[in-house]
Amino acid sequence: MSYSEELSKAEDTIAGEAAWNGIDADSVARMRLQNRFRTGLDIARYTADIMRRDMDAYDADPANYTQSLGCWHGFIGQQKMISIKKHFGSTKGRYLYLSGWMVAALRSEFGPLPDQSMHEKTSVPALIEELYTFLRQADSRELGGLFRALDDAREAGDANTAREIQAKIDGFETHVVPIIADIDAGFGNAEATYLLAKKMIEAGACALQIENQVSDEKQCGHQDGKVTVPHEDFLAKVRACRYAFMELGVENGIIVTRTDSLGAGLTKQIAYSKAPGDIGDQYNAFLDCEPVEGAGNPGDVLINRDGQLMRPKRLPSNLYQFRPGTGADRCVLDCITSLQHGADLLWIETEKPHIEQIAGMVDRIRAVVPNAKLVYNNSPSFNWTLNFRQQVYDAWAEGGQDVGGYDRDRLMSAEYDMSDLAAEADERIRTFQKDAAARAGIFHHLITLPTYHTAALSTDNLAREYFGEQAMLGYVKNVQRKEIREGIACVKHQNMAGSDIGDDHKEYFAGEAALKAGGSHNTMNQFAA
C-alpha cells in the first residue's frame with residue numbers, strides 16, 4: 001500500500017475506537033510502511049517471486065545474470081544492501097548467500113569448525129532470521145529519514161519538496177532480497193532435511209541449496225575426501241525440501257541441487273537397481289570394479305555387470321571408489337536427474353574457474369534439459385590470479401605466441417604483475433561472470449566467503465597502523481575519514497543501530513514528554529555535514 005492508503009486505513013480503524021486516545025493515524029501508517037514484512041513466510045514468498053522473475057529474464061537474455069555475496073552476520077548483509085542501493089540505485093539482480101562454511105567457521109558454539117556439517121543445524125535458520133531482521137531495520141532507517149525530511153518540508157511550507165519526498169516514500173525499494181541458503185547435505189536423513197528446511201523457509205529463505213554428499217562424511221566442496229550418495233537417496237532429500245515449501249505455502253520456492261561428483265571419487269553405497277539402465281544401474285556403472293571367478297572371497301560384495309560378476313573396489317574405510325576420469329560424466333547425470341525430479345537450479349562444484357570446463361558439462365545437460373541454469377561458486381578457494389594467468393599462458397602457447405619470458409609455474413610472482421600476460425588475465429577475471437553467463441549457462445554468480453577475507457584484511461591493516469607508529473591516526477585516517485569522504489552511513493553508528501528510529505517511536509508513544517537521544521548533546525551531530 002501507498003503512504004496515503006495506509007494513512008486512510010489507519011484513520012478508519014482508529015475512528016471506530018473511542019478509547020484509543022492519543023493514537024495517531026499518521027504514526028501508525030509510518031510504522032506499517034517501516035515493517036512491510038510481518039513474517040518470514042511473507043519474505044520467502046516475496047523473494048521467491050523475485051527469483052522466478054529473474055530466472056525468466058535470464059532465459060530471455062543471459063546478460064540478465066544475478067549475483068550475491070556470502071554473509072555470516074546480519075550487519076554484513078545489511079551493509080551490502082545499503083551499499084548496493086547507494087551505488088547502483090536498486091537491488092535488482094543482487095541477492096545474499098548464506099554459506100554453511102561460514103556458519104561452521106564463525107557461528108558455532110563449538111568455536112571455529114571445518115565445513116563438515118558439525119555445527120548446530122539451528123544456527124542456519126537463526127542466521128537467516130538475523131539477516132532479514134537487519135534488512136528490515138535498514139528499511140525502517142531509510143524510511144524514517146524520508147519521514148523526517150517530509151515533516152521538515154511541510155513545516156517549511158515547501159509543497160513541491162514534500163510531493164517529491166512522498167513520491168520517494170511510495171516508490172520505496174526494500175532492502176529485503178532473496179537469500180540462497182546452504183542446507184549442506186541435509187544434516188541427516190530425509191526427515192531431518194525436511195524439518196530443517198521448514199525452519200529455514202519459516203525464517204525467510206526462498207532458495208535452498210543442497211548437495212549430493214553423504215551427511216556424516218560431508219566435506220567442503222574444495223577439499224579432498226568427498227563421498228557422494230546414490231541418486232535416489234539424494235532425490236528423497238530434494239523431495240523433502242519441496243514438500244517443506246509446499247506445506248508452508250511457498251509453492252514457488254527454489255531448490256538448488258549441487259553436485260560434488262567432479263571432485264568426489266568415493267561412494268558409501270552401491271545403488272539399488274531393479275533393471276539394466278535404471279538410475280541405480282547408471283550410478284553403479286561408474287564403480288571401479290574387477291572381474292571375479294567363482295564366488296569371490298569372504299566378505300566380497302559382487303555386482304552383475306553385463307552378465308559378468310564384478311567386485312567393486314572397496315577401501316579399508318568401507319567406501320567404494322569410482323573409476324578415475326568419470327567425474328564430469330557423473331556430474332552430467334547428477335544434474336539431468338535432479339532437474340527431472342524437482343530441482344530448479346544446478347550447482348556444479350569445480351576445482352578451478354574455467355568457463356569451457358563448465359560449459360562442456362552444461363552443453364550436455366542442455367541437450368536433455370534446454371533451460372538448465374547454474375548457480376556458480378566464484379570461490380576464494382581458487383587462486384584466481386594464478387589460474388587465469390596459466391589459462392592465458394596456455395592459450396598464448398597454443399596460439400604460437402611467444403611465452404619465453406614467463407615461467408608457468410611461477411606466474412603468481414609479483415614480478416609479472418605489470419606484464420601483458422597479467423593484464424589479459426585480469427581482463428578475463430573482470431569479464432568472467434558475464435562471459436560464463438553467456439557461454440556456460442550460469443544464472444547466478446556468488447562468492448561464498450568474501451567478508452571472512454575482507455574482515456581479516458581490514459583488521460590486519462588497522463592493527464598494523466593503530467598498534468604501530470600511526471596510533472590513533474591509523475584509525476582516523478584509514479577508517480573514519482574514509483567513511484566520511486565516501487559517505488558510509490555507519491560513520492553515524494548510533495543512527496545505524498536504530499537510535500533515531502527509537503526517538504521517533506518515543507515521540508509517538510509519549511509526545512512532548514519523550515526523552516530523545518538525538519538532541520544537541522549527541523556527538524553524532526558532529527557528522528551532520
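No lab work stands behind these numbers, since they all come straight from the coordinates. Computed from a prediction, not measured in an experiment: that's the story for all the values here. Note: ideal-geometry Cβ built from the backbone for every residue, glycine included; neighbour counts use all protein chains shown.
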* Asked: Relative to the first principal axis of the alpha-carbon coordinates of the chain, what is the inclination of helix 40-60, with its axis defined by its Cα atoms, in degrees from 0 to 90 and to the nearest 10?
  -> 60
* Structure fact -> To the nearest 20 debye, the chain has a Cα-centred charge dipole, built from +1 on Lys and Arg Cβ and -1 on Asp and Glu Cβ, of 180
* Ellipticity estimate at 222 nm from DSSP helix runs (n ≥ 4, -39,500 (n - 2.57)) divided over the chain, nearest 500 -> -15000 deg cm²/dmol
* Placed amide H near Leu309: partners under 5 Å, 5+ positions off or other chain -> Val292
* To do: Could you check the simple spin-label distance between Leu515 and Asn21, using points 7 Å along Cα→Cβ, in nm with one decimal?
  => 2.5
* Structure fact -> Hits in the stretch 75-96: amide N under 18 Å from the 7 Å Cα→Cβ extension of Ala63, namely 92-94
* Structure fact -> Inter-part gap, Cα centre of the stretch 458-486 to Cα centre of the stretch 349-378, in whole angstrom, is 43
* Pairwise FRET efficiency - Glu483 versus Ser413, Cβ, R0 = 45 Å, nearest 0.05 -> 0.80
* Peptides ranked, highest mean first, by Cβ atoms within 10 Å: ranges 156-167, 324-335, 415-426 -> 324-335, 415-426, 156-167
* Asked: Given the C-alpha centroids of the stretch 201-218 and the stretch 304-340, what is the distance between them in whole angstrom?
  -> 23
* Structure fact -> Most packed first (mean Cβ within 10 Å per residue), the peptides 307-319, 336-348, 14-26 order as 336-348, 307-319, 14-26
* Once the dipole of the chain is set up with Lys and Arg at +1 and Asp and Glu at -1 on Cβ about the Cα centre, which of Phe134, Tyr376, Val214 lies farthest towards its positive end? -> Val214
* Net dipole in debye of the stretch 30-162 [+1 Lys, Arg Cβ; -1 Asp, Glu Cβ; about Cα centre; nearest 20] -> 200
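Could you state, as a whole-number percent, how many of the C-alpha pairs of the stretch 468-512 are farther apart than 17 Å?
Of the Cα pairs, 53 percent sit more than 17 Å apart.
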* Structure fact -> Longest principal axis of the chain (C-alpha) makes with the long axis of helix 355-366 (C-alpha) an angle, in degrees to the nearest 10, of 80
* Could you please state, rounded to a whole Å, how far the C-alpha centre of the stretch 1-28 is from the C-alpha centre of the stretch 31-100? => 31
* To do: Rank-order 509-515, 486-492 by packing density, defined as the average count of other C-beta atoms within 10 Å over each peptide's residues, highest first.
  => 486-492, 509-515
* To do: Please work out how much length the chain gains when fully extended from Asp49 to Asn189, using 0.36 nm per residue of separation minus the C-alpha to C-alpha distance, in nm with one decimal.
  => 47.5 nm
* Asked: For the stretch 468-512, with the dipole built from +1 on Lys and Arg beta-carbon atoms and -1 on Asp and Glu ones, taken about the Cα centre, which of Gln470, Gly511, Val491 lies farthest toward the positive end?
  -> Gln470
* Structure fact -> The pairs in Lys168/Lys477; Lys92/Lys434; Lys80/Lys168 lying past 24 Å Cα-Cα in this model are Lys168/Lys477
* To do: For the stretch 284-430, give the magnitude of the charge dipole about the Cα centre (Cβ charges: +1 Lys/Arg, -1 Asp/Glu; no others), in debye to the nearest 20.
  => 660
* Relative contact order computed over the chain (Cα-Cα under 8 Å; 6+ residues apart), in percent -> 15
* To do: May I ask for the net charge around Arg258, where only other residues with Cβ less than 14 Å from the Cβ of Arg258 are counted and Lys, Arg are +1 while Asp, Glu are -1?
  => -3
* To do: With everything on Cα atoms, drop me the angle between helix 499-510 and the longest principal axis of the chain, reported from 0 to 90° to the nearest 10.
  => 50
